[in-house]
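J.: Take a look at the following structure, please.
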Amino acid sequence: MTDGARSATTPGRTPREVATHCPYCALQCGMTLRADDAGVTVHPRQFPTNRGGLCQKGWTAAELLDHPERLTTPLVRDLVTGALQPASWDTALDRVVAGIRAVQHDAGRDAVAVFGGGGLTNEKAYALGKFARIGLRTRHIDYNGRFCMSSAAAAGMRAFGIDRGLPFPLADLGRADTLLLVGANPAETMPPLVRWLTEQRRNGGKLIVIDPRVTATARQADLHLQPLPGTDLAVANALLHIALTEGWVDRAYVADRTTGFDAVRRGVAAWWPARTEQLSGVPVADLEATARALGTGGRVIILTARGAEQHAKGVDTVTAYVNLALALGLPGRDGSGYGCLTGQGNGQGGREHGQKADQLPGYRKIDDPAAREHVAGVWGVPADDLPGPGVPAYQLLDSLGTPGGPRAMLVFGSNPVVSAPRAARIEGRLRDLDLLVVADLMLSETAALADVVLPTAQWAEEDGTMTNLEGRVLRRRALRPPPPGVRTDLAIISDLAARLAATEATDADPAGVRPAAVAAARFPADPATVFAELRRASAGGAADYAGISWDRIDADDGVYWPCPTEDGPDTPRLFADRFATPDGRARFHPVDHRPAAEQVCATYPLHFTTGRVLAQYQSGTQTRRVAALRRAAPEAFVELHPDLAARLGIDDGDPVRVTSRRGEFRAPARLSAGIRPDTVFAPFHYAGAGRANSVTNDAVDPISGMPEFKICAVRVEKA
């Protein structure tokens with residue numbers, strides 16, 4: 001065994017190995033999987049993003065392949081006892097199809113909804129969007145990436161005309177003279193990336209971190225700004241105010257490559273440093289030192305992440321940092337720029353090919369007539385048959401089971417019972433459905449509520465592609481087939497489409513072809529076939545994959561989109577000559593600070609924020625079942641400043657209750673001088689009594705639909 005990486009036993013199997021990628025975050029670290037009679041082991045692989053490094057989650061990923069809690073047969077809820085019972089695939093799928101047909105017959109096609117995930121491969125995300133729109137003919141599809149990347153995506157689209165998390169290779173971080181991380185903690189969320197931060201510091205660069213907590217990343221910084229949660233936008237405007245005052249704005253770049261700067265210049269005039277200090281708590285001296293490092297550095301990179309983005313003003317906050325980057329002349333300059341750190345494994349590709357409510361493959365808008373004609377042509381249906389835009393994730397979840405809302409939902413690769421804001425309310429909405437279908441590899445908290453649970457393949461059991469945080473399309477390779485009784489998501493979608501078509505008509509068409517056969521051909525289960533169609537559907541779109549083949553990915557350590565032709569170059573760096581706007585210029589947008597959606601008061605006097613810990617991932621469906629990760633981070637906790645704890649009569653390790661206007665959760669106290677005395681923190685990976693999202697705010701950004709995960713008002717008391 002190697003470095004604790006153990007799991008899947010496959011007796012009698014010929015030893016073999018595949019080069020693939022980690023199943024977790026958007027760094028998509030390269031790894032090698034080896035199988036022999038002893039099981040499956042994980043080995044590091046030299047790949048440009050991780051250079052042989054893996055975190056504890058990656059090392060232990062194979063332990064899930066034959067985990068005792070793994071689902072290997074469909075489960076169907078008994079109508080008499082209410083219990084989930086093992087069932088055959090025919091029984092389970094027939095139950096799903098009958099439920100869909102009954103709901104759509106009574107309440108129309110939009111009465112069925114689909115909810116996807118940012119961890120699905122490009123092929124699965126594409127097929128899921130296609131299935132919703134021409135298999136179910138529903139407008140209601142969205143995905144959990146709405147809770148992750150939507151604010152940065154919307155800000156990037158309106159400023160640059162395109163959304164790619166990093167518009168430059170990850171290696172640029174290592175040679176930046178100044179690197180500003182805003183609301184990012186890669187030391188815990190994607191540890192191998194820290195190698196680039198270490199290299200940057202070793203080369204004499206300055207690392208600046210903006211975060212309300214002294215995180216593992218902040219401890220490595222040359223300068224740490226510790227603002228009140230929800231004031232990042234004001235800080236960005238103050239930094240641009242200082243840059244203007246000191247003459248650090250690149251006026252030639254602004255004149256030649258952008259539009260709209262005058263309105264921004266007038267807006268930030270009101271954000272002088274002393275005013276910003278009073279609001280945010282960041283000292284004037286730190287604001288000035290940060291602006292100086294950004295304005296006088298050679299190669300300068302500004303990165304945002306969820307801490308800045310998961311707010312009801314997340315789009316405007318990201319826009320403020322984009323404005324700062326544009327004013328300094330960073331985007332498109334070698335070794336400089338603005339980017340955001342994508343979170344989920346396929347958070348980039350997952351939002352490009354059709355599982356977002358308003359989107360078609362290739363990052364096309366679903367209400368664009370030309371986009372509809374192109375995609376409908378690839379799919380072989382009239383453009384008028386495609387439904388219109390749906391609604392963002394939280395609005396969709398909150399409408400379930402209500403008058404006029406969906407009465408059935410199919411969930412792939414997501415666990416909203418844990419991950420959604422105001423989670424108890426969403427749990428109730430899911431319980432109100434006539435039909436809930438969940439495809440997953442474990443019995444997640446959401447699957448436990450389902451009427452039908454469909455067991456799915458894991459990352460080592462299926463081929464496909466992922467798109468990492470750089471926009472680099474990668475190959476995920478199967479080491480072994482799924483266990484008996486388990487199917488891939490593509491196979492499930494294909495079978496459902498065929499069965500749904502068969503219920504629409506029983507007679508063959510004049511050519512003798514039955515509808516089920518047509519539907520099965522339209523929704524192939526083979527990922528290579530799906531990817532070939534994805535290439536055609538994305539051709540000419542913002543996220544153009546037309547020139548990306550699996551062979552080319554294999555030969556080149558991945559291929560950066562856009563890549564329109566097989567014999568032409570890919571695009572590791574964007575914006576060198578022009579932006580993806582009609583006139584080629586980037587757009588400034590004036591944005592102003594506004595308070596959080598919920599303010600503290602006498603009843604709820606503290607600010608609450610959430611985040612991740614090193615050993616867990618997302619809703620914990622996978623990582624909470626890995627023994628080593630469970631030992632490292634076994635339960636939720638509530639981080640408080642010692643001064644606050646003393647006032648509340650709380651000692652380290654005491655059980656505490658955190659209460660907001662929406663609910664409560666309980667967890668042990670963890671005292672830390674690294675958090676502001678007016679703020680408390682908890683990780684969001686845990687279910688049950690420790691579910692942090694029981695208290696988070698469901699106010700959403702009006703542009704992106706992003707909920708305000710990162711700040712709400714709470715009270716804390718000893719439980």
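The values are calculated or read from the model by the stated rules, or taken from the named source; none is laboratory data. Quantities reported herein were computed from a predicted structural model and do not represent experimental measurements. Cβ placement follows ideal geometry from the backbone for every residue including glycine, while neighbour counts extend to all protein chains displayed. These area figures cover heavy atoms from the full protein model, side chains too; ligands, DNA and RNA do not enter into them. Shrake-Rupley method; radii C 1.70, N 1.55, O 1.52, S 1.80 Å.
J.: If D652 satisfies all but one of (1) open to solvent by 40 Å² or more (accessible area, probe 1.4 Å); (2) assigned to a loop (DSSP other than H, G, I, E, B); (3) touching a helix residue (DSSP H, G or I) at 6+ places or on another chain (Cβ under 8 Å); (4) in contact (Cβ under 8 Å) with a residue 40 or more places away in the chain, what's the number of the condition it fails?
T.: (4)
J.: Now a separate question. On the basis of being open to solvent by 10 Å² or more (accessible area, probe 1.4 Å) and part of a loop (DSSP other than H, G, I, E, B), does H43 make the cut? Break it down into steps so the answer makes sense when it comes.
T.: On the way: open to solvent by 10 Å² or more (accessible area, probe 1.4 Å): yes; part of a loop (DSSP other than H, G, I, E, B): no.
For H43, the condition - open to solvent by 10 Å² or more (accessible area, probe 1.4 Å) and part of a loop (DSSP other than H, G, I, E, B) - is not met.
J.: Same structure again: Can you name the residue in segment 146-166 that is at pLDDT 95 or above, crowded, with 24+ Cβ neighbours inside 10 Å and touching a Lys or Arg at 6+ places or on another chain (Cβ under 7 Å) and, of all such residues, is nearest to P212 (Cα to Cα)?
T.: For segment 146-166, the residue satisfying everything is A153.
J.: Inside segment 658-672, can you point out the residues that are open to solvent by 50 Å² or more (accessible area, probe 1.4 Å) and basic (K, R)? It would help to see each step written out before you state the result.
T.: Keep residues of segment 658-672 that are open to solvent by 50 Å² or more (accessible area, probe 1.4 Å), which gives 661, 664, 666, 670-671.
Within segment 658-672, R661, R666, R670 meet the criteria.
J.: Return yes or no: is D463 under 26 Å from T41 (Cα atoms), open to solvent by 10 Å² or more (accessible area, probe 1.4 Å), of a type in the set (D, E, K, R) and at pLDDT 95 or above?
T.: Values: under 26 Å from T41 (Cα atoms): yes; open to solvent by 10 Å² or more (accessible area, probe 1.4 Å): yes; of a type in the set (D, E, K, R): yes; at pLDDT 95 or above: yes.
Yes: the conditions hold for D463.
J.: What tally of residues in segment 216-256 results from selecting those that are open to solvent by 40 Å² or more (accessible area, probe 1.4 Å) and not aliphatic (A, V, I, L, M)?
T.: Looking only at segment 216-256, we keep the residues that are open to solvent by 40 Å² or more (accessible area, probe 1.4 Å), and these are 219-220, 222, 224, 226, 245-248, 250-252, 255-256.
Imposing the further condition that a residue be not aliphatic (A, V, I, L, M) reduces the set to 219-220, 222, 224, 226, 245-248, 250-251, 256.
The total comes to 12.
J.: Quick check, is G339 outside any loop (DSSP other than H, G, I, E, B), open to solvent by 10 Å² or more (accessible area, probe 1.4 Å) and closer than 25 Å to R587 by Cβ?
T.: Working: outside any loop (DSSP other than H, G, I, E, B): yes; open to solvent by 10 Å² or more (accessible area, probe 1.4 Å): no; closer than 25 Å to R587 by Cβ: yes.
Answer is no for this residue.
J.: For segment 35-52, name all the residues that are in contact (Cβ under 8 Å) with a residue 60 or more places away in the chain and either over 29 Å from L173 (Cα atoms) or in contact with a Cys (Cβ under 7 Å, 6 or more places away or on another chain) (or both). If you could, list the steps in order and put the result at the bottom.
T.: Filtering segment 35-52 down to residues in contact (Cβ under 8 Å) with a residue 60 or more places away in the chain leaves 35, 40, 47-51.
Result: A35, V40, F47, T49, N50.
J.: Within segment 509-522, identify whether any single residue is modelled with pLDDT of 95 or more, farther than 30 Å from A327 by Cβ and buried (at least 21 other Cβ atoms within 10 Å of the Cβ), and answer yes or no.
T.: Restricting attention to segment 509-522, the residues satisfying the condition of being modelled with pLDDT of 95 or more are none.
No, there is no match, as no residue in segment 509-522 is modelled with pLDDT of 95 or more, farther than 30 Å from A327 by Cβ and buried (at least 21 other Cβ atoms within 10 Å of the Cβ).
J.: Considering only residues of segment 21-40 that are among the hydrophobic types (A, V, I, L, M, F, W, C) and touching a Pro at 6+ places or on another chain (Cβ under 8 Å), which is surrounded by the most Cβ atoms within 10 Å (Cβ to Cβ)?
T.: Applying the first criterion (among the hydrophobic types (A, V, I, L, M, F, W, C)) to segment 21-40 yields 22, 25-27, 29, 31, 33, 35, 38, 40.
With touching a Pro at 6+ places or on another chain (Cβ under 8 Å) added as a condition, the list becomes 27, 29, 31, 35.
On the way: L27: 28, C29: 25, M31: 24, A35: 22.
Only one residue tops the list, namely L27.
J.: Take segment 342-362 and flag every residue that is of a type in the set (G, A, S) and not in a loop (DSSP other than H, G, I, E, B).
T.: Start the filter on segment 342-362 by keeping residues that are of a type in the set (G, A, S), which leaves 343, 345, 347, 349-350, 354, 357, 362.
Within segment 342-362, G349, G350 qualify.
J.: For segment 382-404, give me each residue that is open to solvent by 20 Å² or more (accessible area, probe 1.4 Å) and either outside any loop (DSSP other than H, G, I, E, B) or farther than 23 Å from D106 by Cβ (or both).
T.: P382, D384, D385, P389, P392, Q395, D398, S399
J.: Hey, another quick one. Given the structure, is D66 surrounded by fewer than 18 Cβ atoms within 10 Å (Cβ to Cβ) and in a helix (DSSP H, G or I)?
T.: On the way: surrounded by fewer than 18 Cβ atoms within 10 Å (Cβ to Cβ): yes; in a helix (DSSP H, G or I): no.
No, not satisfied.
J.: Looking at (1) buried (at least 24 other Cβ atoms within 10 Å of the Cβ); (2) among the aliphatic types (A, V, I, L, M); (3) farther than 28 Å from E309 by Cα, find the lone condition where A98 falls short.
T.: Status for A98: all satisfied but (1).
J.: Okay, next question. Residue by residue through segment 362-380, note down the ones that are under 20 Å from G705 (Cα atoms) and open to solvent by less than 60 Å² (accessible area, probe 1.4 Å).
T.: Y363, R364, I366
J.: Of the residues L228, L193, L207, L239, which is in a strand (DSSP E or B) and not polar (S, T, N, Q)? Before the answer, list the steps.
T.: Details: L228 fails: in a strand (DSSP E or B); L193 fails: in a strand (DSSP E or B); L239 fails: in a strand (DSSP E or B).
Criteria check complete, one pass: L207.
J.: State yes or no: is P634 over 18 Å from Q310 (Cβ atoms) and either more than 25 Å from the chain's Cα centre (by Cα) or open to solvent by less than 20 Å² (accessible area, probe 1.4 Å) (or both)? Please lay out each step first, then the result.
T.: On the way: over 18 Å from Q310 (Cβ atoms): yes; either more than 25 Å from the chain's Cα centre (by Cα) or open to solvent by less than 20 Å² (accessible area, probe 1.4 Å) (or both): no.
No: the conditions fail for P634.
J.: Looking at this structure, is E427 without any contact (Cβ under 8 Å) to a residue 24 or more places away in the chain, under 29 Å from E664 (Cβ atoms) and open to solvent by 10 Å² or more (accessible area, probe 1.4 Å)? Break it down into steps so the answer makes sense when it comes.
T.: Numbers: without any contact (Cβ under 8 Å) to a residue 24 or more places away in the chain: yes; under 29 Å from E664 (Cβ atoms): yes; open to solvent by 10 Å² or more (accessible area, probe 1.4 Å): yes.
When the stated conditions are applied, E427 passes them.
J.: In segment 167-190, how many are under 13 Å from V300 (Cα atoms), open to solvent by 10 Å² or more (accessible area, probe 1.4 Å) and outside any loop (DSSP other than H, G, I, E, B)?
T.: 1
J.: Can you tell me how many residues within segment 582-605 are open to solvent by 70 Å² or more (accessible area, probe 1.4 Å) and aliphatic (A, V, I, L, M)?
T.: Of all residues in segment 582-605, those open to solvent by 70 Å² or more (accessible area, probe 1.4 Å) come to 582-583, 585, 590, 592, 594-595, 599, 602-603.
Add one more test, that the residue is aliphatic (A, V, I, L, M), and what stays is 602.
Qualifying residue count for the region: 1.
J.: Just to be sure before I move on: is G332 on the phi > 0 side of the Ramachandran plot and at pLDDT 95 or above in the structure I sent?
T.: On the way: on the phi > 0 side of the Ramachandran plot: yes; at pLDDT 95 or above: yes.
Taking the combined requirement at face value, the residue satisfies it.
J.: State the number of residues belonging to segment 619-631 that are open to solvent by less than 50 Å² (accessible area, probe 1.4 Å) and either over 22 Å from the mean Cα position of the chain (by Cα) or hydrophobic (A, V, I, L, M, F, W, C) (or both).
T.: Qualifying residue count, segment 619-631: 4.
J.: I'd like to check something: does segment 120-136 contain any residue that is within 30 Å of R372 (Cβ to Cβ), more than 27 Å from the chain's Cα centre (by Cα), of a type in the set (A, V, I, L, M) and surrounded by fewer than 23 Cβ atoms within 10 Å (Cβ to Cβ)?
T.: To start, the set of residues in segment 120-136 that are within 30 Å of R372 (Cβ to Cβ) comprises 120-136.
This time we only want the ones that are more than 27 Å from the chain's Cα centre (by Cα), so: none.
For segment 120-136, residues within 30 Å of R372 (Cβ to Cβ), more than 27 Å from the chain's Cα centre (by Cα), of a type in the set (A, V, I, L, M) and surrounded by fewer than 23 Cβ atoms within 10 Å (Cβ to Cβ): absent.
J.: Run L193 past the list (1) open to solvent by less than 10 Å² (accessible area, probe 1.4 Å); (2) closer than 18 Å to L328 by Cα and report the number of the one that doesn't hold.
T.: (2)
J.: Give me the pairs, please: first residue somewhere in segment 205-216 and more than 16 Å from Y321 (Cα to Cα) and among the small types (G, A, S), second residue anywhere and open to solvent by 30 Å² or more (accessible area, probe 1.4 Å) and outside any strand (DSSP E or B), beta-carbon distance under 7 Å, and either six or more positions apart or on two chains.
T.: G205/D177; A216/E188
J.: Turning to a different aspect of this structure: Search segment 73-97 for residues that are farther than 19 Å from S494 by Cβ and assigned to a loop (DSSP other than H, G, I, E, B) and pair each with any residue that is at pLDDT 95 or above and hydroxyl-bearing (S, T, Y) when their beta-carbon atoms are under 8 Å apart and the residues are at least 6 apart or on different chains.
T.: What qualifies is A87/T73.
J.: Of R137, R133, which residue is in a helix (DSSP H, G or I) and either among the polar types (S, T, N, Q) or in contact (Cβ under 8 Å) with a residue 24 or more places away in the chain (or both)?
T.: R133
J.: Does at least one position in segment 603-626 carry a residue that is β-branched (V, I, T) and over 26 Å from R422 (Cβ atoms)?
T.: Taking segment 603-626 as the starting set, the residues that turn out to be β-branched (V, I, T) are 603, 609-610, 613, 621, 623, 626.
Subset that is over 26 Å from R422 (Cβ atoms): 626.
For segment 603-626, residues β-branched (V, I, T) and over 26 Å from R422 (Cβ atoms): present.
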